[in-house]
Amino acid sequence: MEMNLERELNPQQLRAVRETEGPLIIFAGAGSGKTRVLTYRIAHLMNMGVSPFRIMAVTFTNRAAAEMRERVQQLVGSAARDVWVSTFHSMAVRILRREARFIPYDRSFIIYDSADQLTVIKHCIEELRVDDRKFRPRGVLAEISSIKNELVTPKEYLELTRNVREETIAELYSLYQKKLLQQNAMDFDDLLIQAVELFRSEPSVLEHYQDRFQYIMVDEYQDTNNVQYVLVRQLA
């Protein structure tokens, strides 16, 4: 594939595309061509002889991932199929299903959406006889999600509690996770947490993916939360 980078990119974009080795962060405003840079960078790497199998691009929404995948395909053709272009969660699902023998879930685990989560947490609140006027189900889920994003387990959180409210949240968090595991289900936060824990507990699995992905690009990197940052850091 022939590309005229000097003609198709402005000087700042060109510099970002050609800077292929080592860590790089790109600051750019809306509409300045960030996705263009990412896709051309992938195409440039492949033109340099890098296998698409060794390239990963991660973004936040399915729509952004689909757009990026389509643009890469326009530039490099069918070889784009071998580039991992996905959301953080899709990446985690793909890895967890492949490596399911190392996690406490069956390979056919299901993923709960917000409605499913709400049903489970309501059952937890009812089972523990917690006042749902003081502990609103959606609010409890939001608190649990924040705790999970800091990679804190139910047991660890219980040890950190400072008051009765936090102790109650810890109990709800613990029961919520037990119910998910019993149902062979994960919520979206669990997908990332399980991927991080997999890499922590199985160094050989982590080494496999570190070796595979030599070039990792993260769209909207400033929006990564702690668990997403840790996951990327492990791979890189």
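The values are calculated or read from the model by the stated rules, or taken from the named source; none is laboratory data. No experiment lies behind these values; they were computed from the predicted model shown. Ideal geometry is used to build each Cβ from the backbone, glycine not excepted, and the neighbour counts take in all protein chains shown. Keep in mind that these areas ignore ligands, DNA and RNA; they rest on the heavy atoms of the full protein, side chains included. Shrake-Rupley method; radii C 1.70, N 1.55, O 1.52, S 1.80 Å.
Taking the Cβ of Tyr173 as the centre, find all other residues whose Cβ is under 9 Å away and add up their charges (Lys, Arg: +1; Asp, Glu: -1).
So the surrounding residues net to -1.
Using a 10 Å Cβ count of at most 16 others and DSSP loop calls, identify the longest part of the chain lacking such GluC sites (Glu not before Pro).
Between exposed loop sites, the widest span is 22-149.
Please compute the per residue accessible area over the chain with all protein chains in place, 1.4 Å probe, rounded to a whole number of Å².
On a per-residue basis, 56 Å².
Below 8 Å, C-alpha to C-alpha, sequence gap of six or more: please give me the relative contact order for the chain in percent.
So the answer I get is 23 percent.
Determine the shape class of segment 183-236: with a ≥ b ≥ c the square roots of the Cα gyration tensor eigenvalues, call it rounded for a/c under 1.5, and otherwise prolate if a/b is greater than b/c, oblate otherwise.
Cα axes put segment 183-236 in the oblate bin.
With +1 on each Lys and Arg Cβ and -1 on each Asp and Glu Cβ, how big is the dipole of segment 175-215 about its Cα centre, in debye rounded to the nearest 20?
Its charge dipole is roughly 140 debye.
Computed from the coordinates I sent, Cα extents along the principal axes in Å equals one of [x] 43, 43, 30; [y] 66, 38, 28; [z] 51, 43, 31. Tell me the label.
[y]
Just grab the label-to-label distance for Arg138 and Arg18, each label 7 Å out from Cα along the Cβ direction, in nm (one decimal).
Output for this residue pair reads 5.1 nm.
Solvent-accessible area of Phe199, probe 1.4 Å, all protein chains present, reported in Å² to the nearest ten, please.
0 Å²
State the percentage of accessible surface on segment 1-147 attributable to carbon and sulfur atoms; use a 1.4 Å probe and exclude ligands, DNA and RNA.
Taking all protein chains in place, segment 1-147 shows 48 percent carbon and sulfur surface.
Along the charge dipole of segment 93-146, pointing to its positive end and built from +1/-1 on Cβ of Lys, Arg, Asp and Glu, which listed residue (Cys124, Phe109, Ala142) has its Cα farthest out?
Ranked along the dipole, the leading option is Phe109.
Just want the answer: with Cβ charges of +1 for Lys and Arg and -1 for Asp and Glu, which residue in Leu198, Asn226, Phe188 is farthest toward the dipole's positive end in segment 170-236?
The residue sitting most towards the positive pole is Leu198.
Largest first, how would Met68, Met48 line up by accessible area (1.4 Å probe)?
Descending accessible area places them as Met48, Met68.
What shape does segment 101-145 have by the C-alpha gyration tensor, where a ≥ b ≥ c are the square roots of the eigenvalues, rounded means a/c under 1.5, and otherwise prolate means a/b greater than b/c and oblate the rest?
prolate
Nothing charged except the Cβ atoms of Lys and Arg (+1) and of Asp and Glu (-1): what's the magnitude of the dipole of the chain about its Cα centre? Round to the nearest 20 debye.
340 debye
Can you give me the solvent accessible area of Arg107 with a 1.4 Å probe, rounded to the nearest 10 Å²?
150 Å²
Roughly how much of Ile110 is accessible, in Å² to the nearest 10, using a 1.4 Å probe?
80 Å²
Note the count of lysine pairs whose C-alpha atoms are less than 27 angstrom apart in the chain, limited to pairs 8 or more residues apart or on different chains.
The result is 13.
Please identify, among Ile125, Ile193, Ile25, the residue showing maximal mean-square fluctuation in a Gaussian network model of the chain using a 10 angstrom Cα cutoff.
Result: Ile25 has the largest fluctuation of those listed.
Could you rank the peptides 222-231, 33-42 by their average count of other C-beta atoms within 10 Å per residue, with the highest value first?
Taking the mean over residues of other Cβ atoms within 10 Å, the ranking is 33-42, 222-231.
Restrict the search to segment 111-171; then list the trypsin sites (Lys or Arg not before Pro) that DSSP places in a loop and that have at most 11 other Cβ atoms within 10 Å of their Cβ.
In loop regions of segment 111-171 (DSSP not H, G, I, E or B), the sparsely surrounded trypsin sites (Lys or Arg not before Pro) are Arg129, Arg133, Lys134, Arg162.
Is segment 60-106 rounded, prolate or oblate when judged by the Cα gyration tensor, a ≥ b ≥ c being the square roots of its eigenvalues, rounded requiring a/c under 1.5 and prolate requiring a/b larger than b/c?
Verdict is oblate for segment 60-106.
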